[in-house]
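Below is one structure, written out as structure tokens, with a few remarks after it.
The values are calculated or read from the model by the stated rules, or taken from the named source; none is laboratory data. Here the structure is a predicted model, which is why all the values come from computation and not from measurement. Note: ideal-geometry Cβ built from the backbone for every residue, glycine included; neighbour counts use all protein chains shown.
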Amino acid sequence: VAKPDAILKADGVRRSFGGLTAVDVDHLEVQRGTITALIGPNGAGKSTLFNLLTGFDRVDKGTWSFQGKAVNGLSGHKVARQGMVRTFQLTKALTRMTVLDNMLLAAPGQSGERFAGAFARPVWRRQEAANRERAMDLLRRFKLDAKRDDLAGSLSGGQRKLLEMARSLMVNPSMVMLDEPMAGVNPALVQSLLGHITALRDEGMTVLFVEHDMDVIMGISDWIVVLAEGKVIAEGRPADIRSNTQVIDAYLGV
Ligand code: ADP
Ligand code: MG
């Protein structure tokens, strides 16, 4: 469905693994400044689609543009520099680092992009200071600042999700893609996470997220896209999706 102000437009995005077509999306647009939910059964291709769009997996076919610029074929770091990021679960290596170091590692220029040599050093130092400041601002925002020197592995499930979100914001993106941001989170913290997501949207951020809890989806989404067997089978406002029998058969009924 065409959107009046699409921040992301994708066409003919396909990805197969062996004989299995994981993603086969003819057309997808995401409206700027909305919370859009991507829903569908397990194995529908949601995570694969995230990986493809953000440059962390390679498509077989397809083109997509972000803020009017073609970004298909770009590496994950280059896509992130254009302002589109996905969150990642903290790896084992990251759990052994402090919360603040996790943030600093997610800063722009941490992927071998930095200049080497003495000449560049003062530039770096200014960049480092700016990164630290941004990291601390974000940690305060997500109420993790008191944990800055704790190992990320010591955080609760909900705090880890907050850290994953905070890390993704280090590059100052225009759009964040959250893959099951509520998974493994204590119900008491779900409301707080949802509050952060809607606050980001209210500040103008575009949010695309994958979630299974229908109450959560219906409660915070401006738009819902339903994926089944790699294809977009329906999209619409929450009320329309709720009453769509095709969706109920493919997803809500299971
Ligand atoms: P979802 O996130 O909607 O649950 P995925 O995108 O993870 O679904 O997976 C879609 C399909 O692609 C599944 O059948 C899955 O087994 C398969 N798949 C995903 N990644 C790989 C991979 N790296 N190698 C082989 N098959 C994969
Ligand atoms: Mg998934």
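Things to note:
- Unique match (being free of Cβ contacts under 8 Å to residues at least 24 places away in the same chain and of a type in the set (Gly, Ala, Ser)) among Gly55, Gly73: Gly73
- Residues of the range 19-39 classified as farther than 20 Å from Val85 by Cβ, more than 7 Å from ligand 1 (Cβ to nearest atom) and among the small types (Gly, Ala, Ser), total: 1
- Scanning the range 32-80 for residues that are farther than 18 Å from Lys3 by Cβ and among the charged types (D, E, K, R) gives Lys46, Asp57, Arg58, Asp60, Lys61, Lys78.
- Selection from the range 131-190 of residues that are surrounded by fewer than 16 Cβ atoms within 10 Å (Cβ to Cβ), away from ligand 2 (no atom under 16 Å from the Cβ) and within 18 Å of the chain's Cα centre (by Cα): Gly157, Asn172
Residues checked against (1) touching a residue at least 12 places away in the same chain (Cβ under 8 Å); (2) within 16 Å of ligand 2 (Cβ to nearest atom); (3) more than 17 Å from the chain's Cα centre (by Cα):
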{"site": "Gly12", "(1), (2), (3)": "yes, no, yes"}
{"site": "Arg15", "(1), (2), (3)": "yes, yes, yes"}
{"site": "Leu20", "(1), (2), (3)": "no, yes, yes"}
{"site": "Asp26", "(1), (2), (3)": "yes, no, yes"}
{"site": "Phe66", "(1), (2), (3)": "yes, no, no"}
{"site": "Phe88", "(1), (2), (3)": "yes, yes, no"}
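- Residues in the range 40-72 that are near ligand 1 (Cβ under 9 Å from one of its atoms) and either within 28 Å of His196 (Cβ to Cβ) or polar (S, T, N, Q) (or both): Gly40, Pro41, Asn42, Ala44, Gly45, Lys46, Ser47, Thr48, Leu49, Phe50, Asn51, Asp57.
- The sole residue among Leu208, Leu194, Leu200 that is closer than 20 Å to Gly43 by Cβ, assigned by TED's automatic domain parsing to the domain that holds Gly19 and of a type in the set (A, V, I, L, M, F, W, C) is Leu208.
- In the range 32-53, residue modelled with the lowest pLDDT [restricted to those that are buried (at least 22 other Cβ atoms within 10 Å of the Cβ) and part of a loop (DSSP other than H, G, I, E, B)]: Gly40
- Of the residues Met165, Met103, the single one that is touching a strand residue (DSSP E or B) at 6+ places or on another chain (Cβ under 9 Å), at pLDDT 95 or above and not assigned by TED's automatic domain parsing to the domain that holds Thr206 is Met165.
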